[in-house]
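Novice: Have a look at this one before I ask anything.
The values are calculated or read from the model by the stated rules, or taken from the named source; none is laboratory data. Since this is a predicted model, take the numbers as computed values, not measurements. Cβ sites come from the backbone with ideal geometry, for glycine too, and all protein chains shown count toward neighbours. The area values use the complete protein model at the heavy-atom level, side chains included, leaving out ligands, DNA and RNA. Shrake-Rupley method; radii C 1.70, N 1.55, O 1.52, S 1.80 Å.
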Amino acid sequence: MMDKPIPFWSILPKEVINAVNSTDSGLSDEAAIRRRKGNLVRKPLSPFITDLFLLFRQFKSPLVSILIFAVILASILGEYGNSSIILAIILLSGILGFWQERNANRALEKLRAMVRVNATIVREGIAKDVPISEIVSGDIVLLNAGDIIPGDCLLLEANDLHVNEAALTGESFPAEKALGILPIDTVLSKRKNCVFQGTSVVNGTAKALVVHTGIHTEFGKISTQIEKHQPETAFEKGIRKFGYMIMRVTLILSLLILVLNIFLGKPVTDSILFALALAVGMAPELLPAIMTITLSAGAKRMAEKKVIVKKLSSIQNLGAVNVFCSDKTGTLTEGIIKVQHTVDGEGNPCDKVRNYAFLNANLETGFTNPMDEAIRNIPDVPFQGYEKMDEVPYDFIRKRLSIAVSFQDKHLLITKGAVNNILDVCTTAEFAHGETIALEQVRNQIKKTQEDYCARGFRTIGLCYKDITGDPVIDKNDECEMTFLGIVVLSDSLKAGISDTIKNLKGLGIQLKLITGDHELVAAYISSRIGLKSDDLLTGSRLRKMTDEALAIKVNEVNVFAETEPDQKERIVRALQKAGNVVGYIGDGINDASALQAADVGISVDTAVDVARETADIVFLQNDLNVLREGILEGRRTFINTLKYIFITISANFGNMFSVAGTSLFLPFLPLLPKQILLLNFLSDFPAMAISSDAVDPESLSKPQRWNTKFIRNFMIVFGIESSLFDFITFGTLLYFFHADVDHFRTGWFLESVITEIIILLIIRTRRPFMKSKPSKYLIWTSALVAILTIALPYLPYSNLLGLDPLPLSLILGIITITIIYVITAEFTKQLFFKSKITARYQ
């Protein structure tokens with residue numbers, strides 16, 4: 001086992017195998033188990049330590065830290081009772097947030113484990129699949145197109161291997177790999193005999209020795225920096241800006257109140273505790289926990305619908321998506337491909353095309369794809385006597401795959417691929433009746449045959465061959481001067497009800513874009529069948545001639561992109577984003593990886609190649625656009641429920657604290673004690689924990705949901721002012737109508753603040769009239785529980801420790817009356833707010 005990195009690219013393979021204490025047949029399982037503990041980029045912390053960090057994180061807010069410091073200061077000054085109660089409330093709030101967030105994180109880890117990526121390794125001479133996390137130094141790994149490379153490896157065998165190393169080198173073009181020994185000072189991007197963790201195989205095959213894993217890999221050295229520079233999502237940016245805005249207002253207001261209270265001669269210790277408690281009361285300190293809980297609950301509900309979320313923030317992005325890009329195979333179609341015909345260039349049935357296509361597909365060792373599987377299932381093909389000699393794997397540049405076979409005393413090169421790319425390497429064409437003529441004489445006829453099938457929705461594969469007797473070792477250069485043999489015609493039926501599914505997506509405000517590598521006639525046929533407008537279809541050749549600026553203007557008008565190349569898929573996604581869209585992309589192939597990464601939400605399926613599943617934010621356990629629709633709706637529910645906490649924080653909560661702050665300047669006593677402010681904040685936050693389970697009105701799910709700072713600002717102004725207005729009405733009623741003493745004043749205002757804040761949550765959680773939208777049972781029960789507890793608090797033993805006194809019946813009735821008027825007014829205000837032209841402009 002390697003204790004430190006070595007320059008293995010400059011050492012003979014046998015010496016490297018010895019250096020890592022391995023063998024030509026790989027490690028034993030026992031040896032692998034002993035080495036596994038050092039495999040991760042960062043060594044895992046114990047569950048206890050992880051939980052401890054999570055608990056401490058609940059108190060990392062600067063405001064909470066300052067308040068804890070003030071509690072310590074108050075204790076030093078002898079205020080033991082008040083400081084103990086305040087500290088208890090702070091701890092209870094932290095423990096509540098910790099418990100909910102811990103459960104949410106545990107659930108998320110279980111979901112991620114459902115879509116873990118495996119690799120094929122050789123141990124004791126036997127090939128087996130194991131999770132990438134279990135691969136260790138000394139393992140021998142077998143690589144195919146689409147695989148993620150699990151460690152820094154030295155190549156032992158390689159066949160036309162190309163690797164995407166953009167994550168390490170920044171180079172967008174695949175790096176070609178080959179065996180050999182390089183100088184010790186060879187830079188990373190030039191180490192052709194190595195492959196590195198975090199990169200992926202674009203095409204070709206290889207056998208490689210894993211030399212370094214975890215922190216000793218090149219990726220491991222920079223992983224911390226990579227994580228630090230993960231781009232924020234639009235929602236995360238909005239949350240951050242919102243948090244900073246509230247924090248600034250809170251700090252300024254608290255400092256101002258502190259200075260003024262001290263200036264007015266109120267006790268310094270009480271004034272400090274009051275100002276700091278006020279700051280905590282106004283700040284949305286539970287927002288991170290609420291977001292985690294809400295998103296995790298959404299992820300669990302999505303898992304029940306066969307959707308696995310790997311990145312929590314992608315749920316909110318999913319709710320904001322208004323354009324979805326999709327391939328057709330397996331998404332719009334059944335994904336069950338069948339060979340319908342094998343014909344020559346004129347469309348005549350040809351057994352030789354069938355037999356040679358079967359040989360090519362059956363002997364290849366590259367990544368599995370549905371078309372090759374269909375060809376392998378052709379029945380009754382004479383296969384005996386043929387032996388594979390060599391192979392040139394498929395890649396997305398050539399769009400061809402070649403196999404060299406031996407039969408009796410002959411060697412044949414059989415190549416299949418995209419029809420146009422096959423024609424490019426042919427000089428002659430052979431027909432079913434046995435005649436062979438110059439290709440140029442029949443090229444147009446062959447293309448017409450292909451187009452006739454494509455226009456009816458069939459997919460086509462071209463086939464050619466040539467005699468290479470005496471030289472069965474082949475490479476790309478051998479694909480020349482070949483004989484065109486014919487076309488394999490394949491079918492893939494549309495999914496039942498796909499047209500209705502697309503209409504449903506459109507009804508949700510989502511536009512579908514079809515991006516496919518298939519012939520434009522196939523794409524046009526499919527789009528016409530599913531009701532997708534394709535009058536202005538764009539092909540890959542036209543895309544190559546367009547600038548990024550021109551594409552960004554054009555892309556919103558085009559629904560179908562055909563004959564596209566991998567890099568063009570990413571260009572289309574970025575152009576859609578530049579045009580103001582939030583873009584989702586669903587793909588399952590090697591050629592989808594860059595587009596998946598570029599999209600706001602990358603979606604793959606459980607049967608996709610490793611690099612697609614690893615790159616994706618969300619993985620479907622079944623390839624079905626109906627599942628996508630459910631995922632989008634869940635994303636919108638999660639987004640809306642998260643906003644509900646923000647709305648309650650910036651309206652009732654903020655309004656209450658502003659009122660308390662303002663009133664403190666005109667009263668000879670503090671309107672609420674610091675411990676009462678913190679208790680108010682704790683009790684009103686408790687029902688917010690149940691927001692994740694709340695129902696969302698169907699009409700709120702009808703369009704994409706985006707973060708809108710101006711809308712939130714308007715909401716804060718309108719409902720914050722209304723909340724403050726009723727607080728001042730309560731203040732006047734208590735002071736001038738009931739002539740309440742200090743304790744009754746504080747108790748009355750405390751009850752009114754908690755109860756109204758709970759009720760306002762139930763009102764603003766919906767745009768419907770309050771009584772026409774039913775909250776979730778958990779939200780109802782937690783709200784009722786807190787309301788009952790709040791009313792009971794003044795009558796409980798030791799309530800005097802909280803500064804609460806039992807209230808006379810007349811005063812309670814007065815508070816109830818104010819609360820009822822507040823509810824009616826808030827409902828009326830809500831209806832006006834959502835109907836106003838100013839508000840509509842930002843929705």
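Novice: At 7 Å along Cα-to-Cβ for each site, give me the label-to-label distance between ASN21 and GLU346 in nm.
Specialist: Roughly 7.0 nm, to one decimal.
Novice: How far is it, in nm, from the label point at GLU827 to the one at HIS739 when both lie 7 Å from their Cα along the line to the Cβ?
Specialist: Simple spin-label model gives 3.6 nm for this pair.
Novice: Then there's this: Name the residue farthest towards the positive end of the dipole of the chain from the options LEU779, ILE461, LEU494, assuming +1 on Cβ of Lys and Arg, -1 on Cβ of Asp and Glu, about the Cα centre.
Specialist: In the chain, that residue is LEU779.
Novice: Still on this model: Just to confirm my numbers, what's the Cα centroid distance between the stretch 590-612 and the stretch 338-417 in Å?
Specialist: One Cα centre to the other: 28 Å.
Novice: Can I ask one more? Considering the dipole of the stretch 698-843 built from charges on the beta carbon (Lys and Arg +1, Asp and Glu -1) around the Cα centre, which of LEU813, LEU801, PHE726 is farthest to its positive end?
Specialist: PHE726
Novice: Right, next: Placing unit charges on C-beta atoms (Lys and Arg positive, Asp and Glu negative, everything else neutral), compute the dipole magnitude of the chain about its Cα centre in debye, rounded to 20.
Specialist: Value, rounded to 20: 2960 debye.
Novice: While we're looking at this one, here's another question. Quick one, which of (1) 85, 34, 25; (2) 50, 31, 23; (3) 65, 32, 20 is the actual semi-axes √(5λ) of the Cα gyration tensor in Å calculated for this model?
Specialist: From the options (1) 85, 34, 25; (2) 50, 31, 23; (3) 65, 32, 20, the structure gives (3).
Novice: If you don't mind, there's one more thing I want to ask. Considering only Cα-Cα distances, which of the following residue pairs are longer than 18 Å: LYS410/LYS466; LYS128/LYS311; LYS338/LYS448?
Specialist: Correct reply: LYS128/LYS311; LYS338/LYS448.
Novice: In square angstrom, what is the accessible area per residue of the chain with a 1.4 angstrom probe?
Specialist: 43
Novice: Using the alpha-carbon centroid of each, what span in Å lies between the stretch 639-660 and the stretch 742-782?
Specialist: So the two Cα centres are separated by 12 Å.
Novice: Using a simple charge model, +1 on the beta-carbon of Lys and Arg, -1 on the beta-carbon of Asp and Glu, nothing else, what dipole does the stretch 484-566 show about its Cα centre, in debye to the nearest 20? Before the final figure, lay out the partial values.
Specialist: Details: 10 positive and 11 negative charges, 44 e Å.
Charge dipole, the stretch 484-566, about its Cα centre: 220 debye, nearest 20.
Novice: Please give the length that would be gained between ALA695 and ILE49 if that part of the chain were fully extended, namely 0.36 nm times their separation in residues minus their C-alpha to C-alpha distance (nm, one decimal).
Specialist: Length gained between ALA695 and ILE49: 229.0 nm.
Novice: Among ILE717, PRO382, ALA599, whose Cα sits farthest toward the positive end of the charge dipole of the chain (+1 at Cβ of Lys/Arg, -1 at Cβ of Asp/Glu, about the Cα centre)?
Specialist: ILE717
Novice: Spin-label point model (7 Å from Cα, Cβ direction): what's the GLN445 to ILE816 distance in nm?
Specialist: Calculated label separation equals 9.6 nm.
Novice: In whole percent, what relative contact order does the stretch 647-726 give with Cα contacts below 8 Å and a gap of six or more residues?
Specialist: Across the stretch 647-726, relative contact order equals 72 percent.
Novice: Provide the per-residue ³J(HN,Hα) series for the stretch 483-492, in order, calculated from phi with Karplus coefficients 6.51, -1.76, 1.60 and θ = phi - 60°, each as a whole number of Hz, with x at glycine and proline positions.
Specialist: 10, 5, 9, x, 10, 9, 9, 10, 10, 8
Novice: Mean shadow of the stretch 318-385, computed from the convex hull of its alpha carbons, in nm²?
Specialist: 7.2
Novice: Tell me which lysines have Cα within less than 22 Å of LYS221's Cα, excluding those fewer than 8 residues away on the same chain?
Specialist: LYS4, LYS37, LYS43, LYS190, LYS192
Novice: If you don't mind, another one. Between GLU549 and SER84, what length in nm is gained on full extension when 0.36 nm per residue of separation is reduced by their alpha carbon distance?
Specialist: Extra length available between GLU549 and SER84 comes to 161.1 nm.
Novice: Another one. Where the accessible area of the stretch 550-659 is counted over protein heavy atoms with a 1.4 Å probe, how much of it, in %, is carbon and sulfur? Kindly include the intermediate steps, with their values, before the conclusion.
Specialist: Numbers: 1280 of 2870 Å².
The C+S portion of the solvent-accessible surface of the stretch 550-659 is 45 percent.
Novice: For LYS675, list the aspartates and glutamates whose Cα falls under 13 Å from its own Cα; do not include residues on the same chain fewer than 8 positions away.
Specialist: The qualifying aspartates and glutamates are GLU79, ASP270.
Novice: Counting each DSSP H run of 4 or more residues in the chain as -39500 (n - 2.57), what helix-only mean residue ellipticity at 222 nm follows after dividing by all residues, to the nearest 500 deg cm²/dmol? Provide the component values of the computation, followed by the final result.
Specialist: Numbers: 30 runs with 399 residues, N = 843.
Taking each H run of at least 4 residues, the total per residue is -15000 deg cm²/dmol.
Novice: Could you size up the charge dipole of the stretch 361-431 around its Cα centre, putting +1 on the beta carbon of Lys and Arg and -1 on that of Asp and Glu, and report it in debye to the nearest 20?
Specialist: Its charge dipole is roughly 160 debye.
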